Every structure is written in structure tokens, then in C-alpha cells.
Amino acid sequence: MDTLSEISFLNQVNRMFDKAAAFTEHPKGLLRQISLCNSVYHMEFPLVRDDGSIKVIKAWRAEHSQHKLPVKGGIRFAPTVNEDEVMALASLMTYKCAIVNVPFGGAKGGVQIDRREFSSSEIERLTRRLTFELLRKNFIGPGIDVPAPDYGTSAREMAWILDTYTTLSHDPLDALACVTGKPVGLGGIRGRTEATGRGAFYGIREACASADDMAGLGLDPGLEGKTVVVQGLGNVGYHTAKYLHEGGARIIGLAEYEGAIYNPDGVDLESVVDHRKSTGLILDYPGAKNLECSADALELPCDILVPAALEGQINVENADRIQAKIIGEAANGPITADADEKLLEKGVLIIPDIYLNAGGVTVSYFEWLRNLSHVRFGRMNKRFEQRTNRRIIQALSDAAGVTITPEQVDELAAGADEVDLVDSGLEETMITAYEEIRELKQRHVTDLRTAAFIGAIDKVAVSYREMGIFP
Ligand code: NAD
């Protein structure tokens with residue numbers, strides 16, 4: 001248990017699970033099977049550092065549920081990683097996949113390091129050794145367990161995992177599908193890097209579109225003009241902020257671990273990123289007020305608060321001071337279970353992590369499909385669509401007697417590229433899942449998180465029942 005959590009992260013997830021399970025009629029044994037983490041592999045292995053010294057590295061991979069295979073989940077590099085956290089995150093992955101109808105079980109991996117203390121070549125050796133350890137125990141493979149990026153990892157680490165797996169495994173045909181979030185040149189898919197933030201944007205947009213829900217918060221429907229504070233300017237936080245801004249919202253506060261900045265008139269995201277690159281700090285951004293204590297940003301007055309860093313950031317200690325009307329959980333587990341109850345009592349609309357950050361695993365699923373099918377999405381149909389569209393435009397313009405310029409025809413007739421198809425699949429997934437959750441929320445007269453858990457529990461229960469193990 002860390003200082004910010006009232007109970008351990010895993011217990012928090014299970015408490016949220018139990019709250020939702022009470023709305024279902026599944027047998028106790030089945031609910032227990034669904035909530036428990038099936039397998040956990042704890043590794044300790046040596047890393048020879050650049051100076052010749054040896055550091056023993058602690059790492060874990062948890063496979064929460066094999067009701068569908070492969071299991072899927074990111075690998076996190078952070079000093080706070082521990083077994084409880086990895087099991088909690090693996091559990092969330094199972095529910096997340098069920099909510100967005102991605103046919104995977106949940107998993108998660110973590111390495112207990114502060115990556116800023118390691119050189120690139122040390123991180124490479126560590127990642128390759130981790131892959132070797134996972135392969136040795138059958139904890140990685142296209143049909144077994146497929147990692148992806150998470151906090152502290154990126155496409156670069158996924159490329160090392162792929163290279164190591166390919167070298168050691170006897171599965172040359174499908175090896176590309178052993179990991180997702182790879183660079184595009186190595187079998188990755190266009191749109192994966194931004195997928196989690198893009199998905200979070202779609203989820204927040206859907207929530208804000210409901211006139212009834214917004215009226216209950218004293219807000220107008222839509223994103224236009226809504227004020228936003230984002231904690232964590234990494235992959236997820238940056239992309240969520242970027243798309244919210246493009247969708248009409250105003251970014252007024254940004255927090256990183258070294259501090260936060262605030263300007264009620266709005267800050268320009270790209271120039272903040274440039275400022276941080278050149279100075280090494282988010283602080284002292286021209287025109288914005290500095291908040292030396294980064295966590296104070298969570299308490300700023302705003303319409304939408306997006307925690308996109310780590311778990312337990314909103315807890316019993318600061319929950320009463322949160323002023324946001326909507327919290328979009330882009331990070332995993334940013335609100336503790338006790339804080340969740342306090343915020344719900346205050347009437348805050350919480351868009352839960354198990355739905356909101358599912359864009360990453362959704363596009364990872366598309367990447368996995370692409371790797372197994374060995375063909376880029378759009379390759380077979382793009383030109384065909386283009387030709388069909390041209391014929392339709394020509395026929396309509398002839399019939400209507402209007403002239404359409406060649407440039408207009410090109411624009412109207414364009415066939416879908418891979419990135420268009422990925423984005424369309426992601427948007428469809430996030431909209432459909434939100435509709436399902438909102439319907440469950442209304443049917444059971446509960447909050448969005450509990451509704452999302454109810455939907456996930458029901459879907460996983462159906463899988464177990466179909467296996468014939470449970471009545
Ligand atoms: P990241 O490493 O790219 O970025 C995290 C950022 O948060 C870093 O810039 C870090 O400096 C900052 N940060 C850390 N502690 C902070 C603090 N106390 N205050 C302010 N900033 C802080 O990680 P990411 O991939 O963006 O992941 C962020 C969260 O989103 C995690 O909870 C992760 O599990 C979740 N998530 C990530 C993905 C994905 O595809 N990457 C998918 C689903 C969920």
C-alpha cells in the first residue's frame with residue numbers, strides 16, 4: 001500500500017468489482033473466478049550496467065484471465081511497480097477488453113526501475129533479458145500473451161521485444177504478432193501511438209454530448225469552450241490534450257512531475273511541449289502561473305480534469321478539494337475507491353479508466369490482426385473505393401449538370417488509408433461502448449464505472465459459461 005492509497009490498488013479494483021457484481025446474478029464461485037488473477041510470474045535477473053557493476057532487476061508479468069486468448073496488456077517501467085500493482089492493472093485489462101469487445105484476456109507487466117537512471121543501452125539489455133525470461137516460461141507469444149507499451153515504455157522497447165522474440169522463438173510466420181505498439185516499419189500500425197489519447201478524446205466527447213448529463217452538471221452540451229486540466233504530459237496525456245483542444249476545448253492547466261502551469265485563458269500545448277524540451281521544465285512558461293506542487297493542478301477550477309500519469313493521484317486527502325465537474329480517467333486507477341465515493345456524492349461525472357483508456361488496446365487488437373493477416377488495412381480496397389466513388393460523382397454531376405473540379409473529385413473520391421480505417425474502427429468502438437455503458441448506468445441507476453464493470457462481468461461470465469465449466 002502506498003501513502004496515497006487507502007487500500008492496495010488490487011483491493012481497490014476488487015472493491016469496484018464487488019460493487020458491480022452485486023447488481024448481477026452470477027454464482028459466487030464464478031464471480032470469484034472472474035476477479036482472481038490466474039497467474040503471476042515474478043522475475044529477478046541481473047543487469048550488467050555500463051560501468052560493469054551488476055544490478056538485480058525485479059519484474060513481474062501477471063495474466064489475470066485466460067477466458068480469451070491471447071491475454072494482452074502493457075509493460076510498465078517505473079520505480080513504483082510492484083506485484084500488487086501489476087495484478088491490479090492486469091485485472092483492469094480483462095474488464096477493459098470486455099467493455100470494448102476486444103477478444104483478449106487481461107495481462108500486465110512491470111519492471112521496477114526509474115528509467116531516467118539508466119542509459120539507452122542498459123534499457124535495451126534489460127528489455128531483451130525480460131523478453132527472454134517471459135519466453136522461457138511461456139508468458140509471451142502471439143496466441144499466448146502479447147505485451148504493449150505502457151508508462152515508461154514506447155515503440156522502441158516493443159521493437160527490442162519483437163527482435164528478441166523472433167530470434168529465439170520457433171514461430172517465424174506469426175512472430176510479428178507477439179507484441180503490439182511496434183514502430184510502423186516493424187509491423188506496427190499507423191495510429192497506435194496516439195490511440196489511447198485519441199480514444200480518451202472520443203470517450204470524453206461522447207460524455208459531453210449528452211444534453212441531459214451536461215445539464216445535471218450545469219454545463220452546455222459539447223466540448224466547445226470547456227476548460228481542461230491534464231496531469232501527465234506523456235503519450236496519453238499529450239494526445240488527449242491535443243485532441244480535446246482540436247475538438248474545441250480550452251487547455252488551461254498542465255502538470256508534470258516537476259510542477260504545473262495554469263492560465264485560465266488557455267495555454268498552447270505545442271509551445272508548452274517545445275518550452276519543456278528546451279528548458280527541461282514545464283515551469284516558467286510565458287503567460288502562465290507556476291504551481292510548484294504539481295498535485296495542486298488537480299484542484300484547479302475546470303470543467304474537465306484528465307489525470308494521465310499514475311494511479312492513486314486523487315485520494316481521500318485531496319478528493320474534497322477537487323473542483324472539476326467531469327473527470328476523464330485517462331490513466332489507470334487515478335482515483336482511489338474511497339475518493340471515488342466522495343466525488344460521486346459531490347455529483348462529479350467520472351468517465352472510468354476501464355472504458356476511457358481502452359483506445360490503446362483496441363488499436364493494438366487491429367495491429368495484432370494486421371500482423372496475423374500479413375496485409376495492411378486498406379491495401380485491397382483503397383483504389384477500388386476510389387474508382388467507385390469517382391463513377392458515382394461523375395454520374396451525379398452529369399445528372400445535376402454541375403461541374404466539379406478535379407481537385408474536388410480527388411478529395412471526395414479518396415479511398416480509406418490504413419490510418420483512416422484505424423481511426424474509424426477506434427471511433428466506432430468508443431461510441432458503441434459508451435452507449436452500452438450509459439444504457440447500463442440508466443437501467444441500474446448507478447454510476448458509469450459500476451455500469452462499465454457490470455457490462456464487463458456479464459461478458460466474461462458468458463465466456464466462462466460457454467466453456468461449460470460453470471452452470
Ligand atoms: P508515459 O510514460 O508516456 O507518460 C507519463 C507522464 O506522466 C510522464 O511524462 C511523467 O513524467 C508524468 N508524470 C509522472 N508522475 C507524475 C505526477 N505525479 N504528476 C504529473 N505528471 C507525472 O506514460 P503513458 O503511456 O502516457 O501512461 C500514462 C497512464 O496511462 C498510465 O496510467 C498508463 O497505465 C495508462 N495507459 C497507457 C496506455 C498507453 O497506450 N500508453 C494505454 C492505457 C492506459
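The values are calculated or read from the model by the stated rules, or taken from the named source; none is laboratory data. Remember, predicted model here, so these are calculated numbers, not experimental data. Note: ideal-geometry Cβ built from the backbone for every residue, glycine included; neighbour counts use all protein chains shown. What goes into the accessible areas is simple: the full protein's heavy atoms, side chains included, and nothing from ligands, DNA or RNA. Shrake-Rupley method; radii C 1.70, N 1.55, O 1.52, S 1.80 Å.
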*What list of ³J(HN,Hα) values in whole Hz, one per residue of region 232-240 in order, does the Karplus curve 6.51 cos²θ - 1.76 cosθ + 1.60 (θ = phi - 60°) give from phi, with Gly and Pro shown as x?*
x, 10, x, 4, 6, x, 4, 5, 4
*asked:* Give me log10 I(q)/I(0) at q = 0.11 Å⁻¹ for the chain, Debye formula, one equal scatterer per alpha-carbon, no solvent.
replied: -0.92
*Long-range HN-HN contacts of residue 74 with modeled amide H, under 5 Å*: 109, 148
*Given 328, 357, 189, which one lies farthest toward the positive end of the charge dipole of the chain, if we put +1 on the Cβ of every Lys and Arg and -1 on the Cβ of every Asp and Glu?*
189
_Can you give me the accessible area per residue for region 39-188, using a 1.4 Å probe, in Å²?_
36
*Report the extension gain between residue 167 and residue 403 in nm, rounded to one decimal, defined as 0.36 nm multiplied by the number of residues separating them, less their alpha carbon distance.*
79.2 nm
*Once the other residues with Cβ under 14 Å from the Cβ of residue 19 are scored (Lys, Arg +1; Asp, Glu -1), what is the net sum?*
-2
*Around residue 247, which amide H atoms from residues at least 5 apart in sequence, or from another chain, sit under 5 Å from its own amide H, with H modelled in the peptide plane?*
none
*At each listed q (0.19, 0.21 Å⁻¹), what is the log10 of I(q)/I(0) that the Debye formula gives for region 195-356 modelled as equal alpha-carbon point scatterers?*
-1.18, -1.45
_If I compute solvent accessible area with a 1.4 Å probe over the protein chains, what percent of it on region 195-356 is carbon and sulfur?_
49
*Measure up 58/459; 108/137; 96/346; 72/137; 325/459 against 24 Å on the Cα-Cα distance and list the ones that go over.*
58/459; 96/346; 325/459
*Radius, Kirkwood style, for region 39-188 when every pair of distinct Cα atoms is counted (Å)*: 15.2
*Rank these residues by their accessible area, most exposed first, probe 1.4 Å: 321, 115.*
321, 115
_Using 0.36 nm times the number of residues separating residue 271 and residue 48, minus their current alpha carbon distance, what extension gain do you get?_
76.4 nm
*At q = 0.12, 0.18, 0.22, 0.25 Å⁻¹, what log₁₀ I(q)/I(0) does a Debye calculation on the Cα points of region 152-231 give, no solvent, two decimals?*
-0.55, -0.77, -0.97, -1.13
*Once phi is turned into ³J(HN,Hα) by the Karplus curve 6.51 cos²θ - 1.76 cosθ + 1.60 with θ = phi - 60°, what whole-Hz value does each residue of region 15-24 show in order, with x for glycine and proline?*
5, 5, 4, 4, 4, 6, 4, 5, 7, 9
